[in-house]
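I have placed the structure first, in the form of structure tokens, so that the comments after it can refer back to it.
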Amino acid sequence: MTSRQGNSSKRSCLFLLLLVFVVLPILVLSLGLLLWFGRESSGNSRLKARIATLSKQGYPVDDATAEAFYKDRTDPTNTDAWMEVLATVNGDEFGTSTNGVPILGLTDEPPHGPNTDWPDEQIARDFLGKWKSLGLSTLRLSMDAQPVRFPIVFDSFNSIDMKRLQGMRNIGRLLNLQGYVASRDGNSAGVRDAVGGLLGLSRVVAGEPMLVSHLVSIAIDGTAIGVLKDAIQFDVLNEEDLQFLLPRVLALSTIGKDWETAFAGERALALPLFGDRKKAKAAGTILVISNSRDAILYIDFIDELLEEPSDDLSAFEVRLKAVQNSLMQKVSANWLARIDSMMTSQTTPVVTSCGSAFIRRALQHRLAALAIGLRLYEKRHGGLPSELMELTHLPFNLEQVSPSKNQSFGYRRADTTAKLWGGNFNDAFAIPPEPPFLDQDSLGNDPNGIGFWTWELSRK
């Protein structure tokens, strides 16, 4: 009996061990997998419905539709001519010739003002002479240009061609140097062409449905405002050229459609990564498991960005921060939320920084429009106005070019100068009540200092 009881006890123990260490884990794992697949099946149904809705709204959702989206918004007329220019700019001869050249090469930025000493002046002029034909071709192509269709192979984030974008930036630097020399020479037409060319060059890049391309476009645009700022401060532009540039400056005084193109395109390039490990790896991201809820979270996030009204720039900035903070709270709520947001966390750009770039561009254009208005007033009335309210009979009203609702840029006329000022790089809406002090260093176009946001107009 004792032996039989012992064997029975051993069998019971073995059964319990088998139940605890084999059967129960399998059951738990099976139940977990069943719940997961059920959850994922439900999520996939919702994801398909969301993607179908986006397609009906005209938004791209993958590489193929991103390509169609791009073609609908770009013009192939001058594609070959632009490719020739880029081949020259990206070539060894042009690259080598930029060494030591102001703005393009590794050398100090040129001083500001027509009568300042410039040790590298002859180097700059020789460089422009050597590449005169290239400069003329670039101006011809970029003046009043619309987004150009480049031969892009759409493959998620591998679609981004940094060599081409760098080439466009170098073209912008060439036009920047042309504008600076023209301003130094008091050449109004030369400045007009350089600014108009840079604004057009910015538009050429802005058709690409990729956020990084739009940030490059904004950087080129900032160069245009820098050239214009120099020329207006030193009163180089005549009335006709000021009138020519004013509508082109006003055209980018709002966020506009670029925000939609950038983020709708960004979403289309990112969505294929959520279910394709090879694409995710090629794009430098890691896909552990395919998670439809993760993709839905990303779609919802971009939807919020695209739905935010941008007519009031200050309110737009506040709302972008709220959307970004809301996402951060969602992805860190608990362990399941972290699993459901792994790819979203890797692919979501820092929206507040991107939004600030778009906002700063609009504000810089509003300041530039006001500065043009001030010079036009001076040429028509023989002096600068005592306050901005005197700027009438112009193709804008003060509310249109104010930083935000119930806020205005600063303006102060002194005996020999007038100052027009905004905020600063870190807080574009923190506009001081008194004009900032400008020393010689801050008269330049450094976007991180007060110089870029303060226009000091010399008076005749």
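The values are calculated or read from the model by the stated rules, or taken from the named source; none is laboratory data. These figures come from a predicted structure and were not determined experimentally. Using ideal geometry, Cβ is built from the backbone for each residue, glycine included, and neighbour counts are taken over all protein chains shown. Note: areas computed on protein heavy atoms with side chains; ligands, DNA, RNA excluded. Shrake-Rupley method; radii C 1.70, N 1.55, O 1.52, S 1.80 Å.
Points to keep in mind about this one:
So that you can scan it fast, the table gives a plain yes or no per residue for (1) in contact with a helix residue (DSSP H, G or I) (Cβ under 7 Å, 6 or more places away or on another chain); (2) among the aromatic types (Phe, Trp, Tyr); (3) surrounded by fewer than 20 Cβ atoms within 10 Å (Cβ to Cβ); (4) within 30 Å of Pro403 (Cβ to Cβ):
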site: Leu245; (1), (2), (3), (4): yes, no, no, yes
site: Phe263; (1), (2), (3), (4): yes, yes, no, yes
site: Asp276; (1), (2), (3), (4): no, no, yes, no
site: Ile289; (1), (2), (3), (4): no, no, yes, no
site: Ser292; (1), (2), (3), (4): yes, no, no, no
site: Asp300; (1), (2), (3), (4): no, no, yes, no
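- Scanning the stretch 44-70 for residues that are among the β-branched types (Val, Ile, Thr) and buried (at least 17 other Cβ atoms within 10 Å of the Cβ) gives Ile51, Val61, Thr65.
- Here Leu177 qualifies as more than 21 Å from Tyr70 (Cβ to Cβ) and part of a helix (DSSP H, G or I).
- Looking across the stretch 336-389, the residues that are among the small types (Gly, Ala, Ser) and open to solvent by 10 Å² or more (accessible area, probe 1.4 Å) come down to Ala337, Ser345, Ser353, Ser356, Ala357, Gly382, Gly383, Ser386.
- Output for the stretch 226-257, where each listed residue is acidic (Asp, Glu), part of a helix (DSSP H, G or I) and at pLDDT below 95: Asp230
- Residue list for the stretch 126-140, restricted to those being open to solvent by 50 Å² or more (accessible area, probe 1.4 Å) and either under 14 Å from Gly105 (Cβ atoms) or touching a strand residue (DSSP E or B) at 6+ places or on another chain (Cβ under 7 Å) (or both): Asp126, Lys130
- Within the option set Asn187, Asn170, Asn158, being polar (S, T, N, Q), surrounded by fewer than 24 Cβ atoms within 10 Å (Cβ to Cβ) and either free of Cβ contacts under 8 Å to residues at least 60 places away in the same chain or within 18 Å of Pro76 (Cβ to Cβ) (or both) holds for one residue only, Asn187.
- Pairs, first modelled with pLDDT under 80 in the stretch 417-444, second surrounded by fewer than 14 Cβ atoms within 10 Å (Cβ to Cβ), C-beta under 6 Å, six or more apart: Phe425/Asn448
- Residue match in the stretch 358-379 (condition: under 25 Å from Pro60 (Cα atoms) and outside any helix (DSSP H, G or I)): no
- Gly113 being in contact (Cβ under 8 Å) with a residue 40 or more places away in the chain and surrounded by fewer than 17 Cβ atoms within 10 Å (Cβ to Cβ): yes
- Inter-residue pairs, beta-carbon under 8 Å, first on the phi < 0 side of the Ramachandran plot and in the stretch 244-267, second part of a helix (DSSP H, G or I) and aromatic (Phe, Trp, Tyr), 6+ apart: Ile255/Phe316; Ile255/Phe358; Asp258/Phe358; Trp259/Phe358; Ala264/Phe69; Gly265/Phe69; Gly265/Tyr70; Arg267/Tyr298
- Filter pass, Ile152 being farther than 30 Å from Ser458 by Cβ, among the hydrophobic types (A, V, I, L, M, F, W, C) and either open to solvent by 30 Å² or more (accessible area, probe 1.4 Å) or in a strand (DSSP E or B) (or both): no
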